[in-house]
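Novice: Quick one: structure below, then a few questions.
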Amino acid sequence: MGDTNDLDTRPRYEQIWDQEADISPMENKFYAALFYLNPVTTPDEIDQHLTRMHEDITRRLRPWIEHYVWDSSPITVEKVNHENYTYIYLELNMGITDTDEWLITSILWDMSAIYEDLYIRTFDCEGDHTLIEAWEALPDWLEPSVARHRTWINHQRIIIIPDLFYKDRGLHLDEALTFLTRASYKCLRVLEIENTMTRKCEEQPSKALQGQMWIECLVSRQIAGSVMENPSAINHAINESLKEAAYISGTEALKKPQNQAIEDPVLLKFRTRVETYLMMKLLWEKTAPKVTFDNFKGAFVDHAIKDWIKSNDIEISSTPLDKDVETFNTRGDLLQTELVRLMRIEAPVEPVLVNETPTEEEIAKDEEQASGSATVQEKEMKDMMSKLEQLFKDGEAGLDGIENVDGDSEQTSKGVEPQFWDDESENEEEDDDDDNDEEQQIRDYFNKEKIDIDEDDFFEFFGKEVLGLPEEQLEALRSEFSQNVKKNGETKTSHTAENYESSDNEYEEDETFDFSKDDAVEELQESLKHLMESLALGQDGPASTLFKNMK
C-alpha cells in the first residue's frame, strides 16, 4: 500500500477505498460519494446517468457556492473514476458547527428521491453522522467496528447492509458496492433512523439561513475592493483572527488592532455567520469593554482582512469609488433571492441570534413554550397509541378503548351499571334488547311447532324464493356445491356441528403468526405503532411511499 507519505499525497476520493483508511480527527471535513448501481446497466449508460446527476447536484449547489457564507470554505464537487467505478465525489471543509454538513446532506437527501438507483455514502471525521444522530435506535450489532460502509442513502431511505454479510467487521467500499448492486433488497431499514434523518433534513435550509446575518463596519478604502470582489472570504478572515486572539492572553489580543487607525474609512455592509459575530462580540466583552462595539468591530475586521490578504498573497484590487461601495451595500441578499426564485424557500429567513446569557425569565418562558409545543397531530398520535395499548392489554376493550360489559360481567353482579357516552347509546341498547326479544320469540315458535331448518333447506328457499332459480339450475348448483365441500372424506349437503369435527391433519395451518402467544401480540402492537408514526410523517413518511406504489 506504500508508505504514509504516499497515502497523504493521494486525493481523498482514492483514500476512501483503502481497507483501513480512517479520517484523522484533526481533519475536520465532510465527504460524500454518489454511485449509480444497477446490475443490468452498461458502463456507458452509468456514465450518462452520472453526468446528468453531476449537472443536477451542481445546479442545486450553485446558489450556495456563489453566495452562502461557509464556515470554512465552499464545498467542491467532481466526477471521478477509481477502482473501475465512476462516481461523484463531494468534499467540504467544516468549521465549528455541523450546520453546513447537514445542509449538504439535506440537498443530497432531496436529490435521492428522484433517482431510484442512486446510492449515497456520507461520513465525516467522527464516522457516519446519520448514525451518530440516531444512536439510540441503532441495532445492537451495529457498532463502530462493523459499521464502516454499511449505511447508505437510497431513494430517501436509510438502508443498512446486514451483519450476515462479512459478520463482525466493517466493509471495504468495493464489498459494499457489490452487495448493493446484487442484493440491495436484503438491506435493513430502521424507522427511527429514517425519522431522525427526515427531521434533521427538514430543518434545512432554514437553519443554515438563520445562521447568516448582515453587519456593517468601517474598513480602509484600500482593502475594500478586495472585500467586494470576494465577500464570502470576510467570515473566514475574521475567524482566523479570532483563533489567533484566543491564544493571546489578557488584553494583548486587542492592543494591536485597537490602536491602529483606519485610513480613509468606508462603510461596508456584508454577510457573516451568526456564531462569528457572537464570538467577536464575546471577545470584545472580555478584552475591551470600555471601547464601543462598533469601534472595536471596525478595527478588528480591518485588521483581520489585512492579515488575510497578506497571508494568502492576494493582490489588492483597485480602490473603489463611493458609488461602487453604495452599489455593493445595496445589493441585498442574493442567496435568498435566488432560493425564492427557485422555490427552495417560500420567503426570506431572518437570522436567529442566540443570547449567550439568557435571563431566568427567558429560560422559564422557553421551558413553558417547549412543554406546550406539541402539535395537534402529536396529541392525536399519543391518544391513538394509548387506545391501542389499552386494547392489547385488555381483552374486553373495544377499538374505542371502552370495555365491553355484558349482563353476566362481574361489574353487573356487583350492582355497578355499565356507563355509556350519551342518551343515543342508551336508545341503541334498548333497540338491541327489542331485537333480542323478537329473536327469542321466533326460536320459541320454531321449537313449539317442531320446525327444523338446516343449511340445505335454507339453500333451497334462497334459490327459489329470493333468486327465482328454476329447479334444474338449482339442482346443478347443489351438485357442484356438494362436490367442492369436503369434510372427513364425505360429500355433505346438510352440515351440522358433528360434520365439522375433523382431525388436525385434514387442514394446513399457517404457523408464521401465533397470536396465542404474548410476544405475537406485542409484535403486532409494535408494528401498529410504527405504522402510526410513519403516517404522522405525511408525504415524507415511508407509509406514504408504500401507498403511492400501490396505486
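The values are calculated or read from the model by the stated rules, or taken from the named source; none is laboratory data. Quantities reported herein were computed from a predicted structural model and do not represent experimental measurements. Backbone-built Cβ (ideal geometry, glycine too); neighbour counts: all protein chains shown.
Novice: Could you figure out which of (1) within 29 Å of LEU267 (Cβ to Cβ); (2) part of a helix (DSSP H, G or I) isn't true of ASN195?
Specialist: (1)
Novice: Can we say ALA147 is without any contact (Cβ under 8 Å) to a residue 40 or more places away in the chain and within 20 Å of MET197 (Cβ to Cβ)?
Specialist: In short, yes.
Novice: Kindly check whether there is at least one residue in the range 190-205 that is buried (at least 21 other Cβ atoms within 10 Å of the Cβ), among the acidic types (Asp, Glu), out of contact with any Leu (no Cβ under 7 Å at 6 or more places or on another chain) and modelled with pLDDT of 85 or more.
Specialist: yes
Novice: Does GLU133 qualify as being crowded, with 16+ Cβ neighbours inside 10 Å and of a type outside the set (S, T, N, Q)?
Specialist: Yes.
Novice: Let me ask something additional. Quick check, is THR251 of a type in the set (S, T, N, Q), modelled with pLDDT of 90 or more and over 15 Å from ILE309 (Cβ atoms)?
Specialist: Working: of a type in the set (S, T, N, Q): yes; modelled with pLDDT of 90 or more: no; over 15 Å from ILE309 (Cβ atoms): yes.
So THR251 fails the test.
Novice: When both residues are 6+ apart or on different chains and their Cβ atoms are under 6 Å apart, which pairs have a first residue that lies in the range 301-330 and is among the small types (Gly, Ala, Ser), and a second that is loosely packed, with under 15 Cβ neighbours inside 10 Å?
Specialist: Note: pairs meeting the criteria are SER317/GLU229.
Novice: For the range 127-149, check the following and say yes or no: at least one residue is modelled with pLDDT of 90 or more and either closer than 14 Å to TYR31 by Cα or over 16 Å from the mean Cα position of the chain (by Cα) (or both).
Specialist: Our first condition is that a residue be modelled with pLDDT of 90 or more; within the range 127-149, this holds for 149.
Restricting the remaining residues to those that are either closer than 14 Å to TYR31 by Cα or over 16 Å from the mean Cα position of the chain (by Cα) (or both) gives 149.
Within the range 127-149, one or more residues are modelled with pLDDT of 90 or more and either closer than 14 Å to TYR31 by Cα or over 16 Å from the mean Cα position of the chain (by Cα) (or both).
Novice: Which of the residues spanning the range 136-161 are of a type outside the set (D, E, K, R), assigned to a loop (DSSP other than H, G, I, E, B) and surrounded by fewer than 17 Cβ atoms within 10 Å (Cβ to Cβ)?
Specialist: PRO139, TRP141, PRO144, SER145, VAL146, HIS155
Novice: Would you point out which residue out of ALA183, ALA176, ALA224 is part of a helix (DSSP H, G or I), closer than 30 Å to THR292 by Cβ and among the small types (Gly, Ala, Ser)?
Specialist: Just a single option satisfies the conditions, and that option is ALA224.
Novice: In addition: Name the helices (runs of 4 or more DSSP H) wholly within the range 275-361 that hold at least 3 residues that are modelled with pLDDT under 90?
Specialist: Numbers: elements: 293-311, 322-329, 334-341.
Because the criterion is at least 3 residues that are modelled with pLDDT under 90, the helices (runs of 4 or more DSSP H) in the range 275-361 that meet it are 293-311.
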